[in-house]
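S.K.: One structure, pasted below without further comment.
The values are calculated or read from the model by the stated rules, or taken from the named source; none is laboratory data. Keep in mind that this is a model prediction, so the values were computed, not measured. Please note: Cβ atoms are built from the backbone with ideal geometry, for glycine as well, and neighbour counts cover all protein chains shown. Surface accessibility is based on the protein's heavy atoms, side chains included, excluding ligands, DNA and RNA. Shrake-Rupley method; radii C 1.70, N 1.55, O 1.52, S 1.80 Å.
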Amino acid sequence: MAVTVVVVSGPIGAGKTTLAQGLARRFGALHLRSRDLLRRQGGEGSRRSRQDRSLTLDRETGGRWLADGVLAALQASGSIALGQQPRIVVDAASSGVQLHGLRSSPGLRVVHLHLEATEPAQALRDAERRSRYEDAEPGTFTEVGLPPTEPPPRAVDARQGTFEESWAHPAERAVHELAALADLVVDTVGTPPEAVLVRVASRLGLYGRPDERQVDLVIPGPHGDEHVRPLTAQLAPHYDVLLREPAPKPSRAELEDAFARGHRVLVEGAGTTAGGCLVAAGIAPGRVRRTVMVCRTEGPALDWVRLRDAATLNAPTDLAVVLAGDLTRSNWNARRFDQLTDAARHHLEELERVAGAPVSFLAPTSQARHFMERRPW
């Protein structure tokens, strides 16, 4: 399986590190900082020295130094990409040859994102970053994106050079040309970082397809309230996520991650309507694959009007029926649908006609611990 490498390019202050940190925090990507990869190649010191070293390495390796660093980090991580999630995000590529080196590496699927910002916005953000350095106390370097091995923030800031000097460097000027090579270009001026993250994550497919039906719902129908939980307990092993009251509801982000990974979700409805259960769970109706309505039949005393109203309101795809009364006494020992009496079969057929859905699960008695399944679930 190819490993997705998300490569971010853009000028100083465009928000590259903020985006990479967001992908790492929200989606579990491995964040690689180009400054760390440069440091391993002798690019110590100021921003100017790193810019010089980047140009030198591009000439010496044809841009392969960035790809080699990514491959080494992937090997050191000892893991493979997780589904559709990016396994690695590189927070800065500064030349076309670096991108070519990555794209030509076997086993890597490269997605190139380019962030843009006006020069005044860049200068303002760079000044804010320098201010954070000046105000930071020793031991808090990681809060501004620096590893613990860096010198104190004031010392780092003193070696950076001015924004104008960095902006005019040939390596920085070449970055603007990368917009034409990008899979997605985002102007970050006036766009909050969380909005940038949403746009990028959508481009990467990290939220999953909204039309994928990965949710099954179990709701009570007429007289079926007490039988919902036994059915969900029986079905739960087939699912990755179970939502039921009073257990805490997953956050929206957790549900999005589950859908993106292709996980199946089972919702045990606490109310009497499918729509209300979905609203409470924070799930869109378009995600629902099957809706199972649980009913208890009372033989001739069954409230057929109530059954029809419940079916009209909830549009079940399946019924789970618990037998009661005379039908229980005559079908006590049934373990398969073909062992039911003719009276029971005729009753279930009429239930199906009224509800407009097949009986897929059946318990021959209210005391039964297991529902018979008509077909593999």
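S.K.: Where residues in region 126-142 are among the charged types (D, E, K, R) and open to solvent by 70 Å² or more (accessible area, probe 1.4 Å), which of them is modelled with the highest pLDDT? Before the answer, list the steps.
M.R.: Our first condition is that a residue be among the charged types (D, E, K, R); within region 126-142, this holds for 126, 128-130, 132, 134-135, 137.
Next, from what is left, pick out any that are open to solvent by 70 Å² or more (accessible area, probe 1.4 Å): 128, 132, 134-135, 137.
Values: GLU128: 81, ARG132: 65, GLU134: 52, ASP135: 51, GLU137: 49.
The selected residue is GLU128.
S.K.: Say we look at region 198-210 and pick out the residues that are touching a helix residue (DSSP H, G or I) at 6+ places or on another chain (Cβ under 6 Å) and open to solvent by 10 Å² or more (accessible area, probe 1.4 Å); which of these is farthest from GLY286 (Cα to Cα)? It would help to see each step written out before you state the result.
M.R.: Step one: of region 198-210, the residues touching a helix residue (DSSP H, G or I) at 6+ places or on another chain (Cβ under 6 Å) are 206-208.
Among the residues that remain, those that are also open to solvent by 10 Å² or more (accessible area, probe 1.4 Å) are: 207-208.
Numbers: TYR207: 15, GLY208: 13 Å.
The selected residue is TYR207.
S.K.: Which condition does VAL70 not pass, out of (1) open to solvent by 40 Å² or more (accessible area, probe 1.4 Å); (2) touching a helix residue (DSSP H, G or I) at 6+ places or on another chain (Cβ under 9 Å); (3) at pLDDT 90 or above, if it passes all the others?
M.R.: Looking at each condition in turn, VAL70 falls short on (1).
S.K.: Follow-up question, since we're still on this one. Filter region 319-365 down to the residues that are farther than 14 Å from LEU302 by Cα, over 40 Å from the mean Cα position of the chain (by Cα) and outside any helix (DSSP H, G or I) and list them by number.
M.R.: Selection gives ASN331, TRP332, ASN333, ALA334, ARG335, ARG336, LEU340, THR341, PRO364, THR365.
S.K.: If you don't mind, there's one more thing I want to ask. So which of TRP304, TRP332 ends up being among the aromatic types (Phe, Trp, Tyr), free of Cβ contacts under 8 Å to residues at least 60 places away in the same chain and within 24 Å of TRP377 (Cα to Cα)?
M.R.: Values: TRP304 fails: within 24 Å of TRP377 (Cα to Cα).
After ruling out the rest, the residue left standing is TRP332.
S.K.: Considering only region 324-348, state which residues are surrounded by 13 or more Cβ atoms within 10 Å (Cβ to Cβ) and either of a type in the set (Val, Ile, Thr) or within 11 Å of THR365 (Cα to Cα) (or both).
M.R.: Selection gives ALA324, GLY325, ASP326, LEU327, THR328, SER330, ASN331, ALA334, THR341.
S.K.: Right, here's the next one. Would you mind telling me which numbered condition in (1) surrounded by 13 or more Cβ atoms within 10 Å (Cβ to Cβ); (2) under 22 Å from TYR207 (Cβ atoms) ALA236 fails?
M.R.: Unmet condition: (2).
S.K.: Oh, and also: Which one of these is closer than 18 Å to PRO220 by Cβ, surrounded by fewer than 21 Cβ atoms within 10 Å (Cβ to Cβ) and among the small types (Gly, Ala, Ser): ALA310, ALA320, ALA315? Spell out the reasoning first.
M.R.: Working: ALA310 fails: surrounded by fewer than 21 Cβ atoms within 10 Å (Cβ to Cβ); ALA320 fails: surrounded by fewer than 21 Cβ atoms within 10 Å (Cβ to Cβ).
Result of the check over ALA310, ALA320, ALA315: ALA315.
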